[in-house]
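Presented below is the structure to which this report refers.
The values are calculated or read from the model by the stated rules, or taken from the named source; none is laboratory data. As the structure is a computational prediction, the values presented were derived from the model and not from experiment. As a convention, Cβ positions derive from the backbone with ideal geometry for all residues, glycine included, and neighbour counts pool all protein chains shown.
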Amino acid sequence: MAQILAASPTCQMRVPKHSSSSVITNKLWSSVVLKQKKQSSNKLRGFRVFALQSDNSTVNRVETLLNLDTKPYSDRIIAEYIWIGGSGIDLRSKSRTIEKPVEDPSELPKWNYDGSSTGQAPGEDSEVILYPQAIFRDPFRGGNNILVICDTWTPAGEPIPTNKRARAAEIFSNKKVTGEVPWFGIEQEYTLLQQNVKWPLGWPVGAFPGPQGPYYCGVGADKIWGRDISDAHYKACLYAGINISGTNGEVMPGQWEFQVGPSVGIDAGDHVWCARYLLERITEQAGVVLTLDPKPIEGDWNGAGCHTNYSTKSMREEGGFEVIKKAILNLSLRHKEHISAYGEGNERRLTGKHETASIDQFSWGVANRGCSIRVGRDTEAKGKGYLEDRRPASNMDPYIVTSLLAETTLLWEPTLEAEALAAQKLSLNV
Amino acid sequence: MSALADLINLDLSDSTDQIIAEYIWIGGSGLDMRSKARTLSGPVKDPSELPKWNYDGSSTGQAPGDDSEVILYPQAIFKDPFRRGNNILVMCDAYTPAGEPIPTNKRHAAAKIFSDPNVVAEVTWYGIEQEYTLLQKDIKWPVGWPVGGFPGPQGPYYCGVGADKAFGRDIVDSHYKACLYAGINVSGTNGEVMPGQWEFQVGPTVGIAAADQVWVARYILERITELAGVVLSLDPKPIPGDWNGAGAHTNYSTKSMREDGGYEVIKKAIEKLGLRHKEHIAAYGEGNERRLTGKHETADINTFLWGVANRGASIRVGRDTEKDGKGYFEDRRPASNMDPYTVTSMIAESTILWKP
């Protein structure tokens, strides 16, 4: 069976021959070229436009334009402003020309967009304002062009309801939190689906692959599907300046994971959202559909999570293990609040099976993947380190999850009785 | 095949001073663009250095067969993003041999308005938001739409990202860089509400240059879609029903509007436009009545309505402008197939020269 990198027609992703040899801005990413077979035009279902090689074998010049280095002709750069839409998980973006390269988000102008087209404002008062918050290099356009992560505000200067970054930023600037230098390592799982049929990549249409077992970190055409997307995404993130720390194939075939971190405070959320944007741009080019649904296939198939690794300065220092246990205690007393903020549809995923803890039960353990919170053997052995919150779903909002972890463990205090009861229940001698 | 690529990309500057100039003009329908190329002996900086030329007007519906020559006057130069080097694109307008603008030449009258001293003094700025739809070749159904069927309803596509939401981004991105290279003042792009529909903006540009740039940007877009095997449509309502149309919203300001107290000048200007609503609508693009229905973020074609931040109005004033007491306004009425020479000059005429 031919290796399936993406949905039919068979495609190759190749780097165009004339890559720029600029030393300073190593363009690690170029546009993806979809090489279509001549007779495939009858079989095209969803017509996708890429840099096509036309039928009569003449040269493709769209690619040249996409890769055009405008630096010798103009100082102007293109800034792609990115924001989160009305569902809280859909990403939107549009681009504008900026007169010259910038270093800091404060140098970029605020902008606005039509909130009535994204479910974020009524038609007769439709302007929503974009505040630039973080800059990354644009791996698709190269040069000095940038991606800008923004959050969304009313013209009066209030965060709109779907803007979760504003509250997170407040928490992360609280002195008690900054003093503890919170680190986050976020493991984003995701599933790739064939376009039009919405069935996972590599799965036979109308049927199932063999049961889980061979796929986790697997290699081979019968075990791994979509590696080009994962690898392209890895380099694109490194180029962009995202703190990506690794990738791996996941337990369910067609499912992957990348990790971002360790990042401090609000950066974690910004980096994860930008990484998600890059992933969706790459899948768009590859003709594959990205899903962050926490349980894409019902039954004996793993769900997709977004495990969040967390530590504070105190946890990383001598005696940190005690601080970790106290943090777990706090988290156990706010289980319901966290769960309700950890992603829509999580109840389909957190069943107690498939390496999850049941959604109603809070549990913790060393090296135990069936728990809500897992502490690594390293951390236990050294007496310091970090904890892994395994509850968040793949569609969680990292601004919410990271700031809630900081809030519950650093700013919130349970009553003494509640604390004592919980300590007993969890066998935590704190 | 690689030999052909080598030839197309041949850099002539090592072997000759000669350059290639692609003369571009607007054809008989008022919307179709035409072009042909000629060799010049050396690089040029200014349109005045370029020779007038002529073409067969009987082949474009612009002249009778027995007296077919139409003269091309070069008006604006841009760098050629396809041929690169010192090669150029030349935006022209069309005249009879006797020196009269032919009937489809809308630039000539616009240039007159833009050279009126009252208009010159007001330094008219234009920001034009050109929307357009990409269609699959041969079947004329939008790109990304299943043939014989429809995609899911509007909602996820505006500024969307992902293979199930954005169709044709390579065209948009290559067009953006090509225009920057050419010297067109393109200020941004975005995916539009209807899937397969996109927008780019040109501006702020002063006077007649705004329209020259929009036409050349349209030309470059059509060259790119030609390369990509996709059909460009500037129809204002390509798919009837619950699908957005395509417009060319025109943002406008004068010196007085941009200065303190400008908001009052803006309100007066909008009033004057209201008194000439019918004249403007007649000049704002064929088929606009299919688009301006009062739904899908438009105002009904027979109604003149203005409002702050109101996308269902004929004229929208931004919140910034209201707050600062000065700025610009957006005329949302023009259709995607409007002629920018006509629209920009008419707005200047109605707001600066016309007395009710």
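Just a few scattered comments:
- From the list B:G188, B:G245, the lone residue that is under 23 Å from B:R333 (Cβ atoms) and assigned to a strand (DSSP E or B) is B:G188.
- Taken over the stretch A:225-250, the criterion of being part of a loop (DSSP other than H, G, I, E, B) and either touching a Ser or Thr at 6+ places or on another chain (Cβ under 7 Å) or surrounded by fewer than 20 Cβ atoms within 10 Å (Cβ to Cβ) (or both) is satisfied by A:G241, A:N243.
- The listed residues are B:Y158, B:Y132, and the only one of them that is at the interface with another protein chain (Cβ under 10 Å from one of its Cβ atoms) and hydroxyl-bearing (S, T, Y) turns out to be B:Y158.
- Residues in the stretch B:170-183 that are surrounded by fewer than 24 Cβ atoms within 10 Å (Cβ to Cβ) and more than 7 Å from chain A (Cβ to nearest Cβ): B:V172, B:A182, B:G183.
- Taken over the stretch B:87-117, the criterion of being under 19 Å from B:W215 (Cβ atoms) and assigned to a loop (DSSP other than H, G, I, E, B) is satisfied by B:N87, B:I102, B:P103, B:T104, B:N105, B:K106.
- Hits in the stretch B:314-345 (condition: in contact with a helix residue (DSSP H, G or I) (Cβ under 7 Å, 6 or more places away or on another chain), part of a loop (DSSP other than H, G, I, E, B) and more than 14 Å from chain A (Cβ to nearest Cβ)): B:G325, B:K326, B:R333, B:P334
- Residues being touching a helix residue (DSSP H, G or I) at 6+ places or on another chain (Cβ under 6 Å) and farther than 30 Å from B:S233 by Cβ - total across the stretch B:263-308: 5
- Residue that is over 24 Å from B:C179 (Cβ atoms) and either charged (D, E, K, R) or modelled with pLDDT of 95 or more (or both), where the choices are B:A121, B:A111: B:A121
- Matching residues in the stretch B:186-202 - criterion: being more than 9 Å from chain A (Cβ to nearest Cβ) and within 10 Å of B:Y158 (Cβ to Cβ): B:M194, B:P195, B:Q197
- Residue in the stretch A:312-323 that is touching a Gly at 6+ places or on another chain (Cβ under 8 Å), hydrophobic (A, V, I, L, M, F, W, C) and surrounded by fewer than 21 Cβ atoms within 10 Å (Cβ to Cβ) present: yes
- B:R291 being within 14 Å of another protein chain (Cβ to nearest Cβ), farther than 30 Å from B:F82 by Cα and touching a Ser or Thr at 6+ places or on another chain (Cβ under 8 Å): no
- From the options A:I149, A:I135, residue that is in a strand (DSSP E or B), touching a Cys at 6+ places or on another chain (Cβ under 6 Å) and crowded, with 17+ Cβ neighbours inside 10 Å: A:I149
- Where helices (runs of 4 or more DSSP H) fall wholly inside the stretch A:316-415, the ranges with 3 or more residues that are out of contact with any Ser or Thr (no Cβ under 6 Å at 6 or more places or on another chain) and of a type in the set (S, T, Y) are A:398-406.
- Restricting the first member to the stretch B:63-75 and to residues that are over 30 Å from B:K45 (Cα atoms), and the second to residues that are β-branched (V, I, T), the beta-carbon pairs closer than 8 Å and six or more apart or on different chains are B:A63/B:V70; B:A63/B:I102.
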